[in-house]
Amino acid sequence: MIKSKVVRDTLLLTVMQLFLDSAALLLNAFITRQLGTSAIGILSLMGSFLGLAGILSNGNAFLCTSRLISEEFGKSVGDPGGILGYGLKLCLLLSAAVSAGVIILAEPIGQRFFSGAHMTAALRLMPAALFTGAAGACFKGYFNAARRAAVTAAGDIAEFVTRCGVIVSAASASGNCSEDRVCGIMIGGIIAGNTVSLIFLGAAYLKFRVKGTGRCSISFREYAAFSFPIMGGGILTAVLSSTNDALIPVCLRQFGDSVGDALGKFGVFEAIVIPALFFPSVVLCSMSGIIVSETARARAAGNMIRIRQITERIKAWTLMFSIFAAAVLMRFGGEIGERLGGGDLAGTMITIIAPVVPFIYMEIVLEAIIKGMGLQSFSSANYLAEYVIRIAAVLILVPKIGFYGIVISYYASNIFGNSMRFVKVTKASGARRALCGTLILPVILAFASMSSAELLTRLTGLENGSLHGMLFFGLIWGMVYFAAFCALGKVKLISKSGEALFGKNAQQTSERIL
């Protein structure tokens, strides 16, 4: 039995995220086959715009409430429910302002952001999605801070199942759809999913809320002052990401592609290639919210030793895992792209971009540590530099060399941005870098263990190109790779106290609020 609640929460969230990511890949493949690659391109652009509007309307509420409520739990006297109330109040004000702007500017936004696509009616449905999404994010932040991972997982699953059901039903009934209709289907699904999730999370809060031990330690004005730097980083990232996404189809048209081809290629990249590259990172995404809370509590207690221990362990595990994931994606990228409906283009892109996966995955955990330590100014400046590089590469290279310009932009921006994060985090926490043991060794073992796995697969008579062969090969490869690390003493199995990742104080701090 696993006694550490940190480890149990991570495992639970990983299983949940694995289910959601698998279902999302299947949903993207269904939409691609049902409505075409051009439709998935339009949906990807709409998703990018919704992400931007969502950040503006909720102020990165999940991260803000999770961090500040975690700190409130860590104080001897405080009121976590009061912090949640501040978050809901701020989200209500922001959502009202953003919704008014979207309704008024729906037509020019459709013309400029979506390259003339007729989106006015669909965009005017967005306020319902923004209000419900913002409130739900606040409740999820509360339950993340309160170590109620099962509640957050159940809310996410209810949201996704509802949204997926609405989108699949509407897409199956519609056949060929206009751009406006495609986006209306997506937003309708999001509204339904957010509403179901919000009702569930609200009921769960009434049942599981933790009573305060006194007055809230901060006022609403102080909450807003603390939140704005966190919000600023999220808003900056969303604006730059949306700008980058909007520029890609435009630059592909300058290269010579038609509107349909440009949207189709962009859709394959966003709906097939990127989700496939990020799919193995589910464990890191699940862990990132916990890392923010653990680091924030350690910082509030002035415990830099614990922050250093967390950083060193997370760094080593992430590099070990991400290098193996990159090797698998390089080996099977072509087959993955074909099976997900992206064709040769998706398979080629997955294989080519796979070597940069370790940098992409390190961002997930490094940003969690950065936010937990309160280094939002660095985070914002680093994201700005990263997206300047990415957008410049898209503007300069995509009109000249087409889709491969996007690949170069991903390499340049991720290598630069995450190298800077690594240097900053290790310096601020005092963690050792030790690149030889945590970077070079995993690369050597990943490719050495691949040969052993190939030999064992051939002995069984399974073909690597078949689905069963790929799964068997990947399982054997992973077992050999992990066994090699254990044999070299580089991996300590998770003990009953859950010390392997977060140290021996993790359980104590987790149980303080239970």
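Values quoted throughout were computed directly from the atomic coordinates according to the rules given, and no laboratory measurement underlies them. Quick caveat: nothing in here was measured; it's all calculated off a predicted structure. Using ideal geometry, Cβ is built from the backbone for each residue, glycine included, and neighbour counts are taken over all protein chains shown.
Which entries of LYS75/LYS140; LYS75/LYS424; LYS75/LYS211 have Cα-Cα distances beyond 18 Å here?
Beyond 18 Å between Cα atoms: LYS75/LYS140; LYS75/LYS424.
Taking the mean number of other Cβ atoms within 10 Å as a proxy for protection, how do you rank 218-224, 202-208, 84-90 from highest to lowest?
Descending mean neighbour count gives 84-90, 218-224, 202-208.
Once phi is turned into ³J(HN,Hα) by the Karplus curve 6.51 cos²θ - 1.76 cosθ + 1.60 with θ = phi - 60°, what whole-Hz value does each residue of the range 310-320 show in order, with x for glycine and proline?
Taking θ as phi minus 60°, the curve returns 4, 4, 5, 5, 5, 4, 5, 5, 5, 5, 4 Hz for the range 310-320.
Mind checking the full-extension length gain between LEU18 and MET479? Use 0.36 nm per residue of separation minus the Cα-Cα distance, one decimal, nm.
Full-extension gain reported as 164.0 nm.
Under a plain spin-label model, where a point goes 7 Å from the Cα along Cα-to-Cβ, how far apart in nm are VAL77 and ILE440?
Here the modelled spin labels are 5.6 nm apart.
So what does the Cα-only Debye profile of the chain read at q = 0.06, 0.07, 0.09 Å⁻¹, as log10 I(q)/I(0), no solvent term?
-0.28, -0.38, -0.65
HN-Hα J couplings of the range 220-230 from phi, Karplus 6.51/-1.76/1.60, θ = phi - 60°, integer Hz, Gly and Pro as x?
Those phi angles translate into 4, 5, 5, 4, 4, 5, 5, 6, 4, x, 5 Hz.
In the structure displayed, which of LYS265/LYS315; LYS89/LYS371; LYS207/LYS371 lie more than 27 Å apart, Cα to Cα?
As for pairs spanning more than 27 Å Cα to Cα, those are LYS265/LYS315; LYS207/LYS371.
Full-extension gain between ARG33 and ALA381, please, as 0.36 nm times their residue separation minus the C-alpha to C-alpha distance.
Full extension of this stretch gives 121.3 nm more.
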